[in-house]
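The values are calculated or read from the model by the stated rules, or taken from the named source; none is laboratory data. Note that the structure is a prediction, hence the values are computed from the model and not measured. Here the Cβ positions follow ideal geometry from the backbone for every residue, glycine too, while neighbour counts run over all protein chains shown. Quick note on the areas: whole protein, heavy atoms, side chains included, nothing else; ligands and nucleic acids left out. Shrake-Rupley method; radii C 1.70, N 1.55, O 1.52, S 1.80 Å.
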Amino acid sequence: HAQENVLQRVLQLPVVSSTCETLQRKYSSTKESHPLMASVCEVYERGVQGAGALAMWGMEPVVRRLEPQFAVANNLACRGLDHLEEKIPALQYPVDK
């Protein structure tokens, strides 16, 4: 568990990944079937990408300074996730089950 990232672990849980896949399919089908919605979505996606890149560039020095604290928080969160996975077996099943 030394190099694990809690966000990656959560996204890999079947219940979470199947929900994300369903949402992605619905989003894609909506974009395909509604041309106006597709153009709005594309503008939004470009804006989010630009804002995300700018935020990461601005936050990089802060993130470097806080890296030890992030590592401790990530480690604690991974241990908490281990406990949840033991206590709630349903997390290992896709949403439809």
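What the table shows:
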| read-out | value |
| --- | --- |
| Dipole in debye (nearest 20) - the chain, about Cα centre, beta carbon charges: Lys, Arg +1; Asp, Glu -1 | 120 debye |
| Net +/- balance of residues flanking LEU91 in space, Cβ distance below 15 Å, scoring K and R +1, D and E -1 | -1 |
| Hull volume in cubic angstrom per residue (convex hull over the Cα atoms of the chain) | 100 Å³ |
| Portion, in percent, of the accessible area of the chain that falls on carbon or sulfur, probe 1.4 Å | 64 percent |
| Residue-normalised accessible area of the chain, given per residue in Å² at a 1.4 Å probe | 81 Å² |
| FRET efficiency, 1/(1 + (r/R0)^6) with R0 30 Å, evaluated for LEU11 and HIS34 via beta carbons | 0.60 |
| Contour minus Cα-Cα distance for VAL62 and CYS41 (0.36 nm per residue) | 4.4 nm |
| Cβ-based charge dipole, the chain, positive-most Cα from PRO68, GLY47, THR19 | GLY47 |
| Expected 222 nm ellipticity per residue - DSSP helices of 4 or more, -39500 (n - 2.57), all of the chain, to 500 | -29500 deg cm²/dmol |
